[in-house]
Amino acid sequence: MFRHFYKLLLLIGVSCCLLPAPCRTDALTLEQLINGVNLSRPSITSGEVRAMVTKFREARKSPEEIRDWVRKRRQKIVNRFAQPISPQRKETMDFLLANMRVEAAIYGERRLREELKTAFQVLDNNNPGYPKLYRYRICGSERNNIDSYSIEGRIYDTGLYNRLTYDGERQLYETFSRFGPPKFSFDHRAKRGGFYYFNMHGRSSYQLPNDGVKLCGTEIINGSECYVLEFQIEKSNYLTKIWVDPTKQFCVYREHRYYADKLGWSKSAAEFRIYGDIWYPTVIARERYGKQGKITRRVTIFIKEAQFNVDFPKDFFHVDAEKCIDKGMSTM
């Protein structure tokens, strides 16, 4: 009886070996991947995010070079003010000498930590790249060791603004300084500070073209099987590679840019969770690389709270220019 049982097991084993290997029924075509990635990009139109942001930038000069720069700069400032000097001129000279250390700080290693709450609204969500029209508002900002540099064994804090509002035409800054009361100003020339493109994290930075995208296979990242896509944006001088997880609304775990076959920029997303009906990473890192492959800049964002596609009141992001100017603010 047992002999017949073993023969049966052997027959089953041989039959299994002769059967064709099962195929993946959930494999996606390149067209499906392109459409999925492009449809996921505009899925976030607004939101409120509380995050902690850390920044790193490598030193541009050695400590000896910085000390030499400070010495020459100090002498140049002192030579500008003839003696005897009036109290007003003395105040100006003291300010320049103090600010000289802030100027020197740009050459040292930079480490910044900021915790903030940002409300934002994207106005051109179908842009093929990063949005260029948007509104945002810093609802709260707390900075520790802001732009702190070590110069001649001392630490100087060069943090400036702590609140900003942008209404599509101008930005409103409230600036705090050790050398006087808070100052207010408008800046219509640039859109910067505090937004961090929260609508794009976990999404491809660019809309994928219909032609020229290459499927390079799959790779497991943090336990998720990701499709690896490679493409080049028209008129760009770099090749882009992204790692896409179709089970999380085609979110992008990694994005690399290669300049002359060398990695020059990267963005990574990790620890995804779902906010409402949106998959979103809670840890995001952006890095730039030097010619030797060394990281020269890094921005890391830790999401603490978030809600997306918020219906803000109509005037939530409005900047009342006349009211601000009445309070003594100046227009840049």
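The values are calculated or read from the model by the stated rules, or taken from the named source; none is laboratory data. Because the structure is a prediction, the values reported are computed rather than measured. Don't worry about glycine lacking a Cβ; one is built from the backbone with ideal geometry, like all the others, and counts go over all protein chains shown.
When the range 117-136 is limited to residues that are touching a helix residue (DSSP H, G or I) at 6+ places or on another chain (Cβ under 7 Å) and assigned to a strand (DSSP E or B), the one that is nearest to residue 305 (Cα to Cα) turns out to be 118.
Could you tell me which of the residues 91, 114 is assigned to a strand (DSSP E or B) and of a type in the set (Asp, Glu)? Talk me through it step by step, then tell me what you get.
On the way: 91 fails: assigned to a strand (DSSP E or B).
Exactly one of 91, 114 is assigned to a strand (DSSP E or B) and of a type in the set (Asp, Glu), namely 114.
Of all residues in the range 245-275, those satisfying the criterion of being on the phi < 0 side of the Ramachandran plot and among the aromatic types (Phe, Trp, Tyr) are 253, 258, 259, 265, 272, 275. Within the range 70-90, how many residues turn out to be surrounded by 12 or more Cβ atoms within 10 Å (Cβ to Cβ) and free of Cβ contacts under 8 Å to residues at least 40 places away in the same chain? Result for the range 70-90: 8. When the range 267-303 is filtered for residues that are among the hydroxyl-bearing types (Ser, Thr, Tyr) and either within 17 Å of residue 110 (Cβ to Cβ) or without any contact (Cβ under 8 Å) to a residue 40 or more places away in the chain (or both), the ones remaining, listed by number, are 268, 275, 282, 289, 296, 300. Just one of the numbered conditions (1) touching a strand residue (DSSP E or B) at 6+ places or on another chain (Cβ under 7 Å); (2) surrounded by fewer than 17 Cβ atoms within 10 Å (Cβ to Cβ); (3) closer than 17 Å to residue 205 by Cβ is not true of residue 290: (3). The set of residues from the range 254-266 being free of Cβ contacts under 8 Å to residues at least 40 places away in the same chain and either touching a strand residue (DSSP E or B) at 6+ places or on another chain (Cβ under 6 Å) or outside the structural domain of residue 243 (by TED's automatic domain parsing) (or both) comprises 254, 256, 257, 258, 263, 264, 265, 266. Going through (1) outside any helix (DSSP H, G or I); (2) touching a strand residue (DSSP E or B) at 6+ places or on another chain (Cβ under 9 Å); (3) surrounded by fewer than 17 Cβ atoms within 10 Å (Cβ to Cβ) one by one, residue 67 falls short only on (1).
Selection within the range 90-140: residues that are touching a strand residue (DSSP E or B) at 6+ places or on another chain (Cβ under 7 Å) and of a type in the set (S, T, N, Q). The member of this set that is farthest from residue 302 (Cα to Cα) is 121.
For (1) modelled with pLDDT under 50; (2) within 24 Å of the chain's Cα centre (by Cα); (3) in the same structural domain as residue 99 (by TED's automatic domain parsing); (4) closer than 26 Å to residue 95 by Cα, each residue gets a yes or a no:
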| position | (1), (2), (3), (4) |
| --- | --- |
| 166 | yes, yes, no, no |
| 172 | no, yes, no, yes |
| 178 | yes, no, no, yes |
| 215 | no, no, no, no |
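Yes/no per residue for (1) over 18 Å from residue 213 (Cβ atoms); (2) surrounded by 14 or more Cβ atoms within 10 Å (Cβ to Cβ):
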site	(1), (2)
244	no, yes
247	yes, no
251	no, yes
274	yes, no
286	yes, yes
